[in-house]
Amino acid sequence: MPGKLFVLDGLDGSGKTTQTALAAEALEKAGHPVKIISFPDYSQESSALVRMYLNGELSKDPDGVNAYAASSFYAVDRYASFQKFWKNDYEAGHTILATRYVSSNAIHQMVKLPKEEWDAYLRWLSDFEYGKLGLPRPDRVLFLDMDRAVADKLLLKRYGGDASREDLHERDRLYLSRCQQSAAYAAKAEGWAVIPCDDGENPLPPEEITGKILEIIKKSL
């Protein structure tokens with residue numbers, strides 16, 4: 001019997017990597033075998049087009065690479081990762097925690113389209129990645145919702161104040177603000193669990209956020 005797949009997603013700076021590690025540690029202690037996966041998988045050749053895109057080699061503007069083309073870059077990376085690194089664990093019944101997944105395309109690529117095309121894009125995305133590519137559907141997608149002003153401060157700290165190290169998405173604050181709208185739309189349309197991660201000025205304590213995540217995951221285990 002397949003295992004469970006839980007996705008932690010959110011905009012840049014929302015704490016996805018930290019929370020995935022904390023949740024995995026807690027689940028392991030509770031006796032649940034856990035495998036962490038993260039996308040894009042920059043260590044693998046399958047992420048080559050993603051790296052070209054984020055490095056600005058295809059366009060200096062995120063909107064310069066259309067939603068469907070960019071979505072395919074990320075989807076192929078996920079397909080390769082599934083086939084090579086976690087299909088066996090998933091099919092053996094392990095719990096998989098993913099930092100980003102198909103949901104990230106909905107957040108970061110759908111926003112490039114007119115809003116009246118968003119529903120059609122979500123249908124296309126589901127059919128392409130889950131149907132055509134055969135990727136497992138998540139049991140739950142948990143969206144870490146952090147105010148952009150709070151997340152932006154955390155992003156800058158990530159690179160020691162060196163904004164030149166930010167990728168194509170991270171350095172375009174207007175683009176990330178627009179992505180908040182697409183994320184909110186997708187969360188409602190797709191039934192994601194939305195987890196508030198700040199108090200309006202500062203991030204909430206990590207353990208408080210982890211507690212909310214575990215409460216949702218444990219209901220599906």
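The values are calculated or read from the model by the stated rules, or taken from the named source; none is laboratory data. The structure presented is a predicted model; accordingly, all values stated were derived computationally and were not measured. Neighbour counts run over all protein chains shown; Cβ positions are idealised from the backbone, glycine included. Note: accessible area is taken over every heavy atom of the protein model, side chains too, but ligands, DNA and RNA are not part of it. Shrake-Rupley method; radii C 1.70, N 1.55, O 1.52, S 1.80 Å.
Brief remarks on what is shown
- J(HN,Hα) series, the stretch 42-56, from Karplus relation 6.51 cos²θ - 1.76 cosθ + 1.60, nearest Hz, glycine and proline x: 5, 7, 10, 4, 5, 9, 4, 5, 4, 5, 4, 4, 6, 7, x
- Considering only the chain, percent of DSSP beta bridges that pair antiparallel, nearest 5: 5 percent
- Positive-pole candidate from ILE107, VAL65, LEU97, dipole of the stretch 1-150, charges at beta carbon: LEU97
- Residue by residue, the stretch 134-145 carries 3J(HN,Hα) couplings of x, 6, x, 7, x, 6, 8, 10, 10, 9, 7, 9 Hz when phi is fed to the Karplus relation 6.51 cos²θ - 1.76 cosθ + 1.60 (θ = phi - 60°); x denotes Gly or Pro.
- Here the chain is assigned +1 on the Cβ of each Lys and Arg and -1 on the Cβ of each Asp and Glu. Its dipole about the Cα centre then comes out at about 400 debye.
- Value of D in µm² per second that Stokes-Einstein yields for the chain, Kirkwood Rh from Cα pairs, at 20 °C (1.002 mPa s): 121 µm²/s
- Prolate/oblate/rounded call for the stretch 11-59, Cα gyration tensor, a/c under 1.5 rounded: oblate
- Distance between modelled label sites at ARG123 and ILE36, nm, 7 Å Cα→Cβ extension: 3.9 nm
- Rg/Rh (Cα only; Kirkwood hydrodynamic radius) as it applies to the stretch 56-117: 1.09
- Sequence of LYS115, LYS60 from largest to smallest accessible area, 1.4 Å probe: LYS60, LYS115
- In this label model, GLU57 and ALA21 are separated by 2.8 nm, measuring between points 7 Å along each Cα→Cβ vector.
- Along its three principal directions, the equivalent ellipsoid of the stretch 13-121 from the Cα gyration tensor extends over semi-axes of 29, 16, 14 Å, largest first.
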